1. Based on what the data block shows, is V5 within 16 Å of I103 (Cβ to Cβ), of a type in the set (A, V, I, L, M) and in a strand (DSSP E or B)?
2. Go over the candidates G111, G95, G74 one by one and state the one that is small (G, A, S) and part of a strand (DSSP E or B).
3. Please go through the range 130-166 and pick out each residue that is more than 15 Å from V108 (Cα to Cα), of a type in the set (A, V, I, L, M) and surrounded by 15 or more Cβ atoms within 10 Å (Cβ to Cβ).
4. What number goes with the only condition from (1) open to solvent by less than 30 Å² (accessible area, probe 1.4 Å); (2) at pLDDT below 95 that L89 does not pass?
5. In the range 49-63, what count of residues is obtained for those that are open to solvent by 50 Å² or more (accessible area, probe 1.4 Å) and in a loop (DSSP other than H, G, I, E, B)?
6. Output the residues belonging to the range 67-86 that are farther than 23 Å from L23 by Cα and open to solvent by 40 Å² or more (accessible area, probe 1.4 Å).
7. Filter the range 21-48 down to residues that are in a loop (DSSP other than H, G, I, E, B) and either open to solvent by 40 Å² or more (accessible area, probe 1.4 Å) or among the hydrophobic types (A, V, I, L, M, F, W, C) (or both), then give me how many there are.
Amino acid sequence: MAKIVLINGSMNPESVTKRVLNLFAKLLQKQGHETELICVAETNFPLFSFTVPQTEKMIEISEKIKQADAFIVGSPEYHGGYTGALKNLLDYQDGSGFKHKPIALLAVSGGLKAGILTLMSLRQVFRSLHANVIPEEIAISSEHELDDNGQLNEACRKRVQSVVAGLQRELNVLSVRNRVETERR
């Protein structure tokens, strides 16, 4: 099966974004996929600059991204966009790790209609990196879609499953494409 890297753009160790990404990971693992979670809060990347030398941690994360078959990228919405920490991590990537790979997007916010601007911004960034941003995406309102125990309600869990199904569909297409290209050689 596929190796799927989940990227958590939240700096909050108790973030809803991280909880939802862990739910995605469990669903993907049940399907036989290998998953790995990268949390920007744990990377400690310095502010992006072309003159900053790459640390071992930065190289390790870039390699994990390059080895992935697909991604789920999540961020809380801060002032109508994704986090600066996530942008900083992405700025350190050369882009090749995302090229032609399926990416599902997740935004988490407090408001009922929030998250949409974050999804649009992330979609633009990954399209500029030539990634295959899948049509299925999810914006979650932590105020309206969490139960009393802080877990996703049933309707939201179904939306998460829909995103997983969309990512699986794109992985299947990618697998067929790779098989055809291999046969041509």
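1. Here the answer is yes, as V5 does meet what is asked.
2. Working: G111 fails: part of a strand (DSSP E or B); G95 fails: part of a strand (DSSP E or B).
Among G111, G95, G74, only G74 is small (G, A, S) and part of a strand (DSSP E or B).
3. Within the range 130-166, A131, V133, I134, V164 qualify.
4. Condition not satisfied by L89: (2).
5. Looking only at the range 49-63, we keep the residues that are open to solvent by 50 Å² or more (accessible area, probe 1.4 Å), and these are 50-51, 53-57, 59-60, 63.
Then keep just the ones that are in a loop (DSSP other than H, G, I, E, B); that gives 50-51, 53-55.
Number satisfying all stated conditions: 5.
6. Correct list: H79, G84.
7. Step one: of the range 21-48, the residues in a loop (DSSP other than H, G, I, E, B) are 31-33, 44-48.
Okay, now just the ones that are also either open to solvent by 40 Å² or more (accessible area, probe 1.4 Å) or among the hydrophobic types (A, V, I, L, M, F, W, C) (or both), so 31-32, 44-48.
The total comes to 7.
The values are calculated or read from the model by the stated rules, or taken from the named source; none is laboratory data. Note that this is a predicted model, so its numbers are computed, not measured. Neighbour counts run over all protein chains shown; Cβ positions are idealised from the backbone, glycine included. Ligands, DNA and RNA are stripped out before the accessible areas are found, and what is left, the full protein with its side chains, is counted by its heavy atoms. Shrake-Rupley method; radii C 1.70, N 1.55, O 1.52, S 1.80 Å.
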